[in-house]
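Chemist: Have a look at the structure that comes next, please.
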Amino acid sequence: MSRSLRRGAIAALVLAIVPLSACAAGTDAASLQVKPDHAATSLGNNLQLNNILLVTEPGDGSTESETRPAAVSVNISNTGPTAQILRSVTVGGAATAEFTGADGSRVGEISVPAGGSVLLGGPGQPTVHVADAKVQQGGYSPVTFDFDTAGTVSAEAAVVSGTGEYASFAPTASASPTTPAASASPSGS
């Protein structure tokens, strides 16, 4: 191999390696500091809570904290072999949520089936409402979920106004449900 051919090969190798080395940003790269838009957490190996949001009634755009109705929206996935029962949801450490089944009746708990999921507030799914959550639109609020066997987990949920893409998840001023039921299971599971 001639000397100029070797130099050309080395130059080509250097030009190929330099751009690739830029991909190795290290363990303290700014891109590692990026957090998802919506809170997510897990409980044990089988229970995942994704896209945790507090959806409030559309307000006047005020950024002040105020007490207002809010709906909890979260996709709870259970990959375990047994159903998990959601016993309670607390918003902001004080406001306890009320559960409503897919049929609109008040329920005491919500069942997340084994190998299935529940989208709280989704079409044909149970809902979780808090009548008096002290929240700030555009801010974050702690939300705690208590399950029968899995335990308790908390996350900081984004507080969004019930407009636009969140309009169908906003709390509604409906008649008080009067039919108590033991539990709500998602329909179609």
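Chemist: Output the number of residues of the range 133-153 satisfying the condition of being under 18 Å from residue 89 (Cβ atoms) and either open to solvent by less than 70 Å² (accessible area, probe 1.4 Å) or among the aliphatic types (A, V, I, L, M) (or both).
Modeler: Final tally of qualifying residues: 13.
Chemist: Continuing with the same structure: Hey, among the residues in the range 21-50 that are closer than 15 Å to residue 112 by Cβ and surrounded by fewer than 16 Cβ atoms within 10 Å (Cβ to Cβ), which one's modelled with the lowest pLDDT?
Modeler: For the range 21-50, the residue satisfying everything is 42.
The values are calculated or read from the model by the stated rules, or taken from the named source; none is laboratory data. Predicted model only: the values in this text are computed from it and were never measured. All Cβ positions, even for glycine, are placed from backbone atoms using ideal geometry, and neighbour counts span all protein chains on display. What goes into the accessible areas is simple: the full protein's heavy atoms, side chains included, and nothing from ligands, DNA or RNA. Shrake-Rupley method; radii C 1.70, N 1.55, O 1.52, S 1.80 Å.
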